[in-house]
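Peer 1: After the structure tokens below, expect a handful of questions from me.
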Amino acid sequence: MLGKSSKNPPLDKIETIIGPNTNFNGHLRCDGNVRIDGMCEGGLIETLGNVIVSPNAMVAADIVARNVSVSGAVSGKIIASDRLEILSTGRVWGDVEVGSFLLDEDGYFRGQLVMKEEPELPPQLAKAETSHKARPAVRHRQRRADDSQLANAEAADKSG
């Protein structure tokens, strides 16, 4: 494949490793897969490939990648064009934008989750959602009418 550029690097080939005794601070930009075993403080990790956050890794930075797998700790925004998976030892604090999302049973996530491609709502559910949205307004109007009648009755009692 010499001379050919691939936008999807092989999953088993990791080109960049931030080792367990490494503290990185800044902007990391690459085309291949990245594995973080150490600490990343501040900045941005940006790749066309995948990011793997190992169990002992700590990342306080934003991540932009195709797939992100978290077994360690991440504090920051994550944008995964395909998939974000937070494994059983993984912890994420921050907003995420993803194509798909997996949270293992013992994994932790705190933030806002936005799925990039919203599927079309089936017509049966769309009707139910529309009628469900109308109900609170009707109840609200009914409460106002009940409150008005109660106020009128109390006024009549006071004057009589």
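Peer 1: Filter segment 30-71 for residues that are among the small types (Gly, Ala, Ser) and more than 18 Å from Ser88 (Cβ to Cβ) and give the result. Before the answer, list the steps.
Peer 2: So the first thing to find is which residues in segment 30-71 are among the small types (Gly, Ala, Ser), and the list is 32, 38, 42-43, 49, 54, 57, 60-61, 65, 69, 71.
Once the filter is applied, which keeps residues that are among the small types (Gly, Ala, Ser) and more than 18 Å from Ser88 (Cβ to Cβ), segment 30-71 yields Gly32, Gly38, Gly42, Gly43, Gly49, Ala60, Ala61, Ala65.
Peer 1: I'd like to check which strands (runs of 3 or more DSSP E) are fully inside segment 10-77 and have at least 2 residues that are of a type in the set (A, V, I, L, M). Don't jump to the end; show me each part of the working.
Peer 2: Details: elements: 14-18, 23-30, 33-36, 39-47, 50-53, 58-70, 73-75.
Passing ranges, in order: 14-18, 33-36, 39-47, 50-53, 58-70, 73-75.
Peer 1: Also, quick follow-up: Have a look at Arg91, Arg83 and point out the one that is crowded, with 17+ Cβ neighbours inside 10 Å, out of contact with any Cys (no Cβ under 8 Å at 6 or more places or on another chain), charged (D, E, K, R) and modelled with pLDDT of 95 or more.
Peer 2: Values: Arg83 fails: crowded, with 17+ Cβ neighbours inside 10 Å.
The unique qualifying residue is Arg91.
Peer 1: Hey, could you check segment 1-26 for residues that are among the hydrophobic types (A, V, I, L, M, F, W, C) and modelled with pLDDT under 85 and say which is surrounded by the most Cβ atoms within 10 Å (Cβ to Cβ)? Please lay out each step first, then the result.
Peer 2: Here is the first cut: in segment 1-26, the residues among the hydrophobic types (A, V, I, L, M, F, W, C) are 1-2, 11, 14, 17-18, 24.
After this cut, where a residue has to be modelled with pLDDT under 85 as well, the list is 1-2, 11.
Values: Met1: 5, Leu2: 3, Leu11: 12.
Selected residue: Leu11.
The values are calculated or read from the model by the stated rules, or taken from the named source; none is laboratory data. None of these values were measured; they are calculated from a predicted model. Using ideal geometry, Cβ is built from the backbone for each residue, glycine included, and neighbour counts are taken over all protein chains shown.
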